[in-house]
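In what follows, a structure is listed as structure tokens, so that the remarks can point back to it.
The values are calculated or read from the model by the stated rules, or taken from the named source; none is laboratory data. Given the structure is predicted, the values throughout are model-derived calculations rather than measurements. Note: ideal-geometry Cβ built from the backbone for every residue, glycine included; neighbour counts use all protein chains shown.
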Amino acid sequence: MTQKKWNWQKDDWGNFTYDNSELEKLEREYSRQSGFSFGIARHLSREDQNDLIVEIVSNEAIKTSEIEGEYLDRESLQSSIRREFGLGVAGYHKVKPAEAGIAEMMKDIFTNYDSPLTEKSLCNWHEMLMSGRRNIEIGKYRTHKEPMQVVSGRYDKPKVHFEAPPSAEVPKEMDFFLDWFKESAPTGQKPLTPLVRAGIAHIYFVSIHPFEDGNGRIGRGIVEKSLSQNMGQPTLIAISSTIDDRKREYYEELAAQSTGNDLTNWLIYFGKTIISAQKQTINQVDFIITKAKFFDAHKENLNPRQLKVINRILLEGPKGFQGGFSAKNYRAITKSPTATATRDLQDLVNKGIFTKTGQLKSTRYTLDLSTFQGKQDKESMT
């Protein structure tokens, strides 16, 4: 008799249980923060709202890919996202297939959140996501006969962390999943609260693992769609960015849930993660407001090189320029000689726009936004 080790092999697979009393407080906090974030976003200008969309969608695209070990070019991605959303694109940026594909998928999640989730829409996402790939089946469920396993360790002695249902069972399992997703929607026959529905949707989908690759990224896209449907509008929540900050914990929680179908612990973890993601989004809204205030105060006092550098620093978002900003970075971005870069940087320090730390080759510059910051953490941009 085969041992029923994995969650999908158990008799209660698909009939998930959880202690709702543990989740009610999280649902209330999620609802409260949703109202707050939508409220402050409405006070942004149209241009700032567009910047917010580009920033959050591009960060999510980058982070959902980094979780899976794929690294995208930020400028290329943001250019592609602006094109997808019909926003202005300054200059020409060559867009690679990976950036173009995920930009198309993120735009579809954002604009078509209220459309039904179907096999066709999932396969379309997969085709977008795998743009440029030639080594796997694209745009359809997997069909290979080998076990779909998540493994680590040596090739000759792999450690199996999870094994998904055989490929032959995927169409049936996905039919059950898609029916559940429809029934659990706000307009469905068995509606669920936002955090519960999104949390179950994610673990349900990634347990089936219907595609050869990209299941994690599509699974997180389903979370965005689920939350948006429950809220009645696109959520703009930094889910993947939050998961990426604590990636090890994410995989540990997935592994812990892979052998059973009582989802209480998983839903508590996932609910807290979504609430943390909301807070990141609120910080990003504050960051957009801070940028607008900064440029209102300084745009007339900056030369084109300085503007280019500051825009490049701000492109990194609230966390700033990784590793600090140096004179070498300035020269690389502006293509200017050493004397010009030194003069520009000292001018920014004299104007109180940059602060300077360290000496010689260790000198680093920080963009000081503290004067313009409101609710968000009083952290400078480096």
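Of all residues in the range 98-150, those satisfying the criterion of being surrounded by 13 or more Cβ atoms within 10 Å (Cβ to Cβ), among the small types (Gly, Ala, Ser) and over 19 Å from the mean Cα position of the chain (by Cα) are Ser121, Gly139.
Within the set Lys308, Lys293, the sole residue that is part of a helix (DSSP H, G or I), within 27 Å of the chain's Cα centre (by Cα) and in contact (Cβ under 8 Å) with a residue 40 or more places away in the chain turns out to be Lys293. Residue count for the range 238-274 satisfying the condition of being surrounded by fewer than 18 Cβ atoms within 10 Å (Cβ to Cβ), in contact (Cβ under 8 Å) with a residue 40 or more places away in the chain and not in a helix (DSSP H, G or I): 3. Selection over the range 125-137 of residues that are under 22 Å from Ser207 (Cβ atoms) and either at pLDDT 90 or above or in contact with a Ser or Thr (Cβ under 9 Å, 6 or more places away or on another chain) (or both) gives a count of 5.
Applying the condition of being within 12 Å of the chain's Cα centre (by Cα) and of a type in the set (A, V, I, L, M) to the range 223-237 and asking which residue is surrounded by the most Cβ atoms within 10 Å (Cβ to Cβ) yields Ile237. Of all the residues in the range 314-360, those that are of a type in the set (S, T, N, Q), modelled with pLDDT of 90 or more and within 29 Å of the chain's Cα centre (by Cα) number 2.
Scanning the range 151-190 for residues that are of a type in the set (A, V, I, L, M, F, W, C), surrounded by fewer than 19 Cβ atoms within 10 Å (Cβ to Cβ) and at pLDDT below 95 gives Val151, Val160.
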